[in-house]
1. I need the full set of residues from the stretch 119-140 which are assigned to a helix (DSSP H, G or I), open to solvent by 10 Å² or more (accessible area, probe 1.4 Å) and away from the ligand (no atom under 12 Å from the Cβ), in order please.
2. Taking N192 and the conditions (1) touching a residue at least 40 places away in the same chain (Cβ under 8 Å); (2) open to solvent by less than 40 Å² (accessible area, probe 1.4 Å); (3) within 24 Å of the chain's Cα centre (by Cα); (4) more than 30 Å from S133 (Cβ to Cβ), which numbered condition does it fall short on, given that it satisfies the others?
3. Scan the stretch 90-115 for residues that are within 17 Å of R11 (Cα to Cα) and open to solvent by 90 Å² or more (accessible area, probe 1.4 Å) and jot them down.
4. Among what's in the stretch 1-25 and is part of a helix (DSSP H, G or I) and more than 18 Å from A144 (Cβ to Cβ), pick the residue that is farthest from the ligand (Cβ to nearest atom).
5. Checking E5 against (1) buried (at least 16 other Cβ atoms within 10 Å of the Cβ); (2) of a type outside the set (K, R); (3) touching a helix residue (DSSP H, G or I) at 6+ places or on another chain (Cβ under 8 Å), which test does it fail?
6. Which is open to solvent by 40 Å² or more (accessible area, probe 1.4 Å), touching a residue at least 40 places away in the same chain (Cβ under 8 Å) and acidic (D, E), of D229, D163, D180?
7. If R204 meets every condition in (1) more than 17 Å from the chain's Cα centre (by Cα); (2) loosely packed, with under 15 Cβ neighbours inside 10 Å; (3) among the charged types (D, E, K, R); (4) at pLDDT 95 or above apart from one, which number is that one?
8. Hey, can you tell me all the residues within the stretch 26-81 that are surrounded by 20 or more Cβ atoms within 10 Å (Cβ to Cβ), more than 22 Å from M98 (Cβ to Cβ) and within 12 Å of the ligand (Cβ to nearest atom)?
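The values are calculated or read from the model by the stated rules, or taken from the named source; none is laboratory data. Computed from a predicted model, the values in this text were never measured in an experiment. Methodologically, a virtual Cβ is constructed for each residue, glycine included, from the backbone with ideal geometry; neighbour enumeration extends over all protein chains shown. Quick note on the areas: whole protein, heavy atoms, side chains included, nothing else; ligands and nucleic acids left out. Shrake-Rupley method; radii C 1.70, N 1.55, O 1.52, S 1.80 Å.
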Amino acid sequence: MKIVETVSEVRQCVKQWRKEGLTVGLVPTMGYLHEGHKSLIDRAVSENDRVVVSVFVNPTQFGPNEDFESYPRDMDKDSALCEDAGASLIFHPQPEKMYLDGYSTFVDMDTITKGLCGKTRPTHFRGVCTVVSKLFNIVAPDRAYFGQKDAQQLAVIKHMVRDLNFDIDIVGCPIIREEDGLAKSSRNTYLNEAERKAATVLSRALSEGKKFMADGEKKSSDVKKIICDIISSEPLAKIDYVEIVDWNNLEPVEDTEGQVLCAIAVYIGKTRLIDNFVTL
Ligand code: PAF
């Protein structure tokens, strides 16, 4: 496995693979890889001849008071995980090489970036769409892999690929959880012992909401109330949002028939965690 920092090195490798008639998968990440990322890389390795993992903490998707500086980084551990999983190449650019002096081009999207996480993080998806477009242009993969944990991000990327005619299959992969249900996330490392225990409230609340729906509850407001009540019973938790939206367009729905996304964002102490489920 190679680790490269420049766009031209990535292009050289991919060009060679293409000459050999090989297919290429891309797993975009911000590093500090865990089993959730590993499941994406495993899937990519099983479906492509060569796999590129990008490791880049993307400054443009963090708001001014967010955790860009403190976001965890561990390139040695990341390299070992990628190598074990069978990746062919890690692209690990420096921010000033991704965003050259005077950089001023952004990919922005109306509608589906505005609700859910977009309410609290108004510039987040602009940064995500911009960096993912750049990675798509640099690697030009056949397929790219994203986790369902970031459900809105997955929907936004699919929408962007359709709108901008990227010839790339977007593959969504299931949420990977800790034994007690907490969705794996690099940000879980911010939690102290008490917060880590409290954080299980997200998956517990979602499970109850899902059960309630499976038992026949159709009103979104009632399902949301069950979820909010459970989260509010945890003293260290503060709700950012609990929403039920149409999985196709992320518009809020009054009833839970059809394919819906039930998504939540909750502060545990200062750490903002997200989780979700999709029906059908
Ligand atoms: O999901 C992430 O880790 C990031 O948002 C992504 C897709 C790698 C873009 O920086």
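1. K119, T120, N137, I138
2. Looking at each condition in turn, N192 falls short on (2).
3. Within the stretch 90-115, K97 is the sole residue that qualifies.
4. Here the answer is K19.
5. (1)
6. Of D229, D163, D180, the one residue that is open to solvent by 40 Å² or more (accessible area, probe 1.4 Å), touching a residue at least 40 places away in the same chain (Cβ under 8 Å) and acidic (D, E) is D163.
7. (2)
8. Within the stretch 26-81, just G36 meets the criteria.
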